[in-house]
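Written out below as structure tokens is the structure these notes cover.
The numbers here are math on the coordinates, done by the rules we state, and not lab data. All values reported here derive from a predicted model rather than from experimental measurement. Here the Cβ positions follow ideal geometry from the backbone for every residue, glycine too, while neighbour counts run over all protein chains shown.
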Amino acid sequence: MIRELYRTITSLTAMNGFIPLWRRPIALIAVISTPFSFLFFIYLFGGPSKILIGAIGGVLFTIVNASTMLQTDLLFYKLDLKFQQVVASTPINPLAYMFGLATGNIVFTLPGLAIFMAIIVYESHIGTLQILSVIGTLATTWVIFSMFSFLVSTRVREMRDIWPISVMFSIIFGVVPPIYYSISALPGPVQYVAYVVPTTWAAILLKGIVIQDFAGVALPALVFVIEMLCVLAFTSRFSDWRLNRS
Amino acid sequence: MPVPLESKSLKKIYRNKGRSTTAINDFTFSVKEKGVFSLLGRNGSGKTTFVKVSTTQLTPDDGYVRVFGKDVVEDEKELRHMISLVPQESRPFPHMTPYEHVYYFQKMNGKAREESKERAESVIGLLGMHDFARTECVNLSGGQKQLTMVAMALSLDTQIYFLDEPTIGLDIITRKGVWNAINKYRDAGKTILLTTHYLDEAAFLSDEIGIVSHGNFIKQGTLDELRSGLEYDTRVAMRGRVDHRAFEPYGKVHSDERGTVLFTSQEYVEKILSDSSVRKERIEIGPIGLDDVFISLVGEDIEVDEN
């Protein structure tokens, strides 16, 4: 069972990640261009002291953006190629399908993530435990937004609807939340709205791990994990994997 | 042994924003083991909806579909081990080769690397795809892309294969390539449900044909059985202007801008040929074809696309 799941996920990772990356490497530049542009402007206007915040923001934005853009791939495979129908008529588990494609999507971000991580380690001198905690936070963020993308893709019925939706979500979840700035900079009521967005907790966690040496990360970590479980339950309940079954 | 596919009083209604459309009103039929069963009908007749219900994509509103005795709703998980699907208008991944499609589809379904490789080689060989098996699909012709989808579905060792209009939009030469692939699997003792609105395709490939129209299953049988169900056994096609009233005593006359077709019995052929008003060089006589059966059962009115 575990072996079969592994084969399912690695096959889909190859189909959506390694093979297109090998044959169309230009996509690599497209994926990492936005967070590196942000880093450039942060350096330009904030100076070298803001590089660390820019890199933490960059690593988080890269994950959120790639996971949100997964919607487009999922919908393309569902509506244009009808591949989801092929898979849905086999015993393949829908979550394995989603994670396989999501892992493939992340393959494109790996060089960018590696550069950002190198900047973070160089600037903050963090140890192994902190690096692993950063990776854990990023992995949880990836799970949350990949599942969210899967949910959206199973609900959308027209390919042209997904482009504005994915761009809108990328901005709402990747740019607007307090990734590149402190949440305290937001007006009081807006802060409550920001706390609903998982990216906010991921940003608080990452800053707590990297800048504050784990100070005050317990509550954000708990909230973040609860959010992930809620998204998992919500996706399992409301995703419409096999066309409109009702 | 349960029958490969059985549908009883099947009904499926699409509901969208307060509107409902009945895609399938009543499909009652069964498919025999081994061979090709073609579901023949015009666009919007319910063929694709039936495939979607049978492959557990949609749930029926009434009635049931069973695949080798397994209900598409109650036993859906078990059933998915027994079926394989080529959806209508499906396309391969542009950046992958046909070989990769089959290989990764095997692995995706839990097969080990070596087994997946062997299976991919075997299917590619069987379907005669070696020449383009390692070319990216973006550079393949429409027929080669379609063959890739068929190869992927046929690579699974399942008990029944659902091919939903696998040759739609392809030219006749390319269609024949797909037909050969289907024939090879039929010869290997597999059961295939094929949907099509091409009469020649159904006539060429099918061991049995089911005719559907307006969401209803009309009739099933072999080509000969369907022909013999008609009142007439011979068609006489006449080009040019013909006074069709002269032929009404011999059978059923159908006229349109292309000419006149008389559906009649073999015994009247000599009398018709001796009729001085008939120009012999403009006449074609032959047995009733599937198109005649189809038109007599379904009619020629336009149906609305179900999708």
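I'd like the orientation of helix A:198-210 relative to chain A: the angle between its Cα long axis and the longest Cα principal axis, in ° from 0 to 90, rounded to 10.
50 degrees
Would you please classify the overall shape of the stretch B:1-48 from the alpha carbon gyration tensor, given that a ≥ b ≥ c denote the square roots of the eigenvalues, rounded means a/c under 1.5, and beyond that prolate means a/b larger than b/c while oblate covers the rest?
Details: a/c = 3.58, a/b = 2.03, b/c = 1.76.
The shape class here is prolate.
What whole number of Å gives the distance from the Cα centroid of the stretch B:63-112 to the Cα centroid of the stretch A:165-188?
The stretch A:165-188 and the stretch B:63-112 have Cα centres separated by 41 Å.
Checking the a/c ratio against 1.5 first, then a/b against b/c, what shape does the Cα gyration tensor give for the stretch B:231-287? Display every interim value, and only then the final one.
Working: a/c = 1.42, a/b = 1.20, b/c = 1.18.
Verdict is rounded for the stretch B:231-287.
Using only Cα atoms, tell me the angle between helix B:98-108 and the longest principal axis of chain B; keep it within 0 to 90° and round to the nearest 10.
Helix B:98-108 sits at roughly 60 degrees to that axis.
Report, in whole Å, the centroid distance computed from the Cα atoms of the stretch B:133-168 and the stretch B:251-276.
Value for the Cα centre distance between the two parts: 43 Å.
When a footprinting reagent is the concern and you count Cβ atoms within 10 Å, what order do A:VAL156, A:VAL176, A:VAL59 take, fewest first? Mind showing how you got there, number by number?
Values: A:VAL156 18, A:VAL176 15, A:VAL59 28.
Going from least to most buried by this count: A:VAL176, A:VAL156, A:VAL59.
Test of understanding: in a Gaussian network model of chain B with alpha carbons linked when under 10 Å, which of B:ILE192, B:ILE211, B:ILE272 would top the mean-square fluctuation ranking?
Taking springs between Cα atoms under 10 Å, the residue moving most is B:ILE272.
Can you give the calculated 222 nm mean residue ellipticity of chain B, where each DSSP H run of n ≥ 4 adds -39,500 (n - 2.57) and the sum is split over every residue, rounded to the nearest 500 deg cm²/dmol? Present the calculation step by step, with values, prior to reporting the outcome.
Details: 10 runs with 95 residues, N = 307.
Theoretical 222 nm ellipticity from helices: -9000 deg cm²/dmol.
Compute the long axis of helix A:159-170 from its Cα atoms, compare it with the longest principal axis of the Cα atoms of chain A, and write down the angle in degrees, 0 to 90, nearest 10.
20 degrees
Mind checking the mean number of beta-carbon atoms from other chains within 10 Å of the Cβ atoms in B:106-114? Let's see the in-between values first.
Numbers: counts 2, 9, 16, 8, 11, 3, 3, 1, 0.
The shielding value for this peptide is 6.
Give a residue-ordered list of calculated ³J(HN,Hα) values for the stretch A:192-197 (Karplus: 6.51 cos²θ - 1.76 cosθ + 1.60, θ = phi - 60°; whole Hz; x for Gly, Pro).
Running phi through 6.51 cos²θ - 1.76 cosθ + 1.60 with θ = phi - 60° gives 4, 5, 4, 5, 6, 7 Hz.
Between B:ASP157 and B:ASN180, what is the label-point separation in nm under the 7 Å Cα-to-beta-carbon projection?
2.6 nm
For the pair A:HIS125 and B:VAL3, how long in nm is the line joining their label points, each one 7 Å along Cα→Cβ?
Once both label points are built, they end up 8.0 nm from each other.
By average Cβ neighbour count within 10 Å, what is the ranking of A:135-143, A:195-203 from highest down?
So the order, starting with the most tightly packed, is A:195-203, A:135-143.
Past 25 Å, Cα to Cα, is the threshold; run B:LYS32/B:LYS52; B:LYS34/B:LYS117; B:LYS52/B:LYS77; A:LYS82/B:LYS47; A:LYS82/B:LYS12; B:LYS32/B:LYS219 against it and keep the listed order.
The answer is B:LYS34/B:LYS117.
From the helices alone, meaning DSSP H stretches of at least four residues, give me the mean residue ellipticity at 222 nm for chain A, per-run term -39500 (n - 2.57), in deg cm²/dmol to the nearest 500.
Rounded to the nearest 500, the figure is -24000 deg cm²/dmol.
Report the local net charge at B:ASN109: Lys and Arg +1, Asp and Glu -1, summed over other residues whose C-beta lies under 11 Å from its C-beta.
Details: positive: A:ARG7, B:ARG80, B:LYS107, B:LYS111, B:ARG119; negative: A:GLU4, B:GLU115, B:ASP157.
Cβ neighbours under 11 Å give a net charge of +2.
Give a residue-ordered list of calculated ³J(HN,Hα) values for the stretch A:32-38 (Karplus: 6.51 cos²θ - 1.76 cosθ + 1.60, θ = phi - 60°; whole Hz; x for Gly, Pro).
9, 5, 5, x, 6, 5, 4
Which part of the stretch A:140-176 falls in the paramagnetic zone of A:TYR192, meaning amide N under 14 Å from the point 7 Å along Cα-to-beta-carbon?
none
Would you tell me the mean number of C-beta atoms belonging to other protein chains that fall within 10 Å of each C-beta in A:75-81, as a whole number?
Partner Cβ neighbours, averaged per residue: 2.
Would chain A count as rounded, prolate or oblate if I go by the C-alpha gyration tensor, calling it rounded below 1.5 in a/c and otherwise prolate when a/b exceeds b/c, oblate otherwise?
Judged from the Cα gyration tensor, chain A comes out prolate (a/c at least 1.5, a/b above b/c).
With +1 assigned to the C-beta of every Lys and Arg and -1 to the C-beta of every Asp and Glu, and no other charges, what is the dipole magnitude of the stretch B:63-137 about the Cα centre in debye, to the nearest 20?
About 100 debye.
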